[in-house]
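Enquirer: Encoded as structure tokens, here's the structure I'll be asking about.
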Amino acid sequence: MKNVHFALEKGEIHAGKSTLMKVMSGIYTRDSGTIEVKGEKVNFTSPKQAEKAVIAVIAVDRSAEGGEVVSHIASDNIAGGEMAGEHLVSIVGDGAQVAELEGVPGSSAARERGEGFNNIVADSLDVVAKQTANFNRAEGLLVMGNILQENPDITGVFAHNDEMALGAIEAIEASGKDIAVVGFDASDDAVKAVEEGRLAGTIEQNLK
């Protein structure tokens, strides 16, 4: 089997990790190829096995830790967070109370998108709540509901990805409030929500 390309797609947390380890340990045999990590951070428990198997690891979007990565292709998440901050400020105005729904703690996307957002809003908006919803729609719904109870005067929300943003707007719609939500990723569902006027915006950084 020559020139094999193993693409580990984003899915459940750590999805693809077992496949990766099987390839590295020889359970799945191959003569040459690459492993591409898309969307989720993977920690190699034995990087020497990958090196011994002459497997090139390419990380797309998120970083891969614990092993040698020959290439890391990523959009500028800090710039994207800044774009989200600028857009939210333009909608809610200076001094408004807003909330931030954060992604998986420690992930490069959550860290960098949050950094960019706060670079912009630190001197213009009052970020009264920051809570993680782990890039998950159901958690976004739950966390947003709790934030609304504790902070009834917020007028804007930035979510580190569209899944959390879509969960947030469900909670907001159920409350009857008018709150602008900005997401990140430009997923199909988010673009549709923008077109319907339910979502205030989403950041697209499409790697082609």
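Enquirer: Based on the Cα coordinates of the stretch 77-203, what is the per residue volume of their convex hull in Å³?
Expert: 83 Å³
Enquirer: Which cross-chain or sequence-distant (5 or more) residues have an amide H under 5 Å from the amide H of Gly156, H modelled 1.01 Å from N in plane?
Expert: Those qualifying (amide H under 5 Å, at least 5 residues apart or on another chain) are Ala99, Ala180.
Computed from the coordinates by the stated procedures, all read-outs in this text should not be read as laboratory data. Since we're looking at a predicted model, the values are computed, not measured.
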